[in-house]
Amino acid sequence: MARHGGRGWHGRVIAAALGVTAVAAATSVWTAQAGQSGEASAAPGVSARPAAPKAKPVSAAIVHASDKGAHAVNITIDDGPDPVWTPQVLQVLRDNGVKATFCMVGTQAQAHPDLVRQVVAAGHRLCDHSVAHDTTMDKKSQAYQSQQIVEAERQITKASGGVRPMYYRAPGGAFTPYSRKLAASHGMRPLGWNVDSKDFEKPGTQAIVSTVEGEVANGPTILFHDAGGDRSQTVAALRTLLPWLKQQGYAFGFPVR
Ligand SMILES: [Zn+2]
């Protein structure tokens, strides 16, 4: 989509990824402990909680670790749902028996509630990716940040039939201490990434595959996209990468909360 396009956004994504990686080391002790904590929400198939109870607060530290331990990956899929690409991504995940985390843009969720429900029904988890995907959110007022996070949470939860997003990923990684605390107080763990597949740039399927294969040792959380343009390379790359990751002995998990 046009609002997602352009090099400016992608440049910010790279910068944010580096920053997020730096934070990873500082929070590693905490995230190891976080794996022990209880699971609050959203069993797939448990639908229709019309007045969803207030979510249990979680840590405000940006998480990267996997609930499946050290030799695992977290597949994260951002910017959808999209009527063309989300069903194709869901099919690849289904074919490989892999569960993923979908970071949804609130307006996209509102426009495609059927897709949000398909994601939940397949056992994947939801993540709040703000209303408008403003990658300069970290430069905006707290009132704006709050509106972007809380309204998207509402849009996604309504579209899903009452299943709450369990994570918050700032667009372009533009977190602030305030936005992390706010999301955490709503039960949404701030979610970073370790490996940017760079699929957003459409570098070619093999380039996406090579990037992930070359960088997977950096950490478990891998970033892909199911919207924001033609994502056929992403779908094809996942079809190669998911079996490869399995062959390498990686388990597939969710980010810890
Ligand atoms: Zn995004």
Filtered hits (aspartates and glutamates, Cα-Cα < 20 Å from Lys140, offset >= 8 within chain) -> Asp128, Glu151, Glu153
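Viscosity 1.306 mPa s, temperature 10 °C: give me the Stokes-Einstein translational D for the range 41-185 in µm²/s, with Rh taken as the Kirkwood radius over C-alpha pairs. Don't jump to the answer; show the numbers that get you there.
On the way: Rh = 15.4 Å.
Approximately 103 µm²/s, per Stokes-Einstein.
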Expected unfolding gain across Ser185-Gln247 under the 0.36 nm per residue rule, minus the alpha-carbon gap, is 18.5 nm
Ala121 and Lys139 label points (each 7 Å along its Cα→Cβ direction) are spaced in nm at 4.3 nm
Listed by chain and number, the residues whose amide H is under 5 Å from that of Val73, excluding neighbours fewer than 5 places away on the same chain and using placed H, are Ala251, Phe252, Gly253
Residue separation between Val150 and Glu213 times 0.36 nm, minus their alpha-carbon distance, gives in nm 19.1 nm
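Computed from the coordinates by the stated procedures, all read-outs in this text should not be read as laboratory data. All values derive from a computational prediction rather than experimental measurement. With ideal geometry, Cβ positions are generated from the backbone for all residues, glycine too; neighbour counts draw on all protein chains shown.
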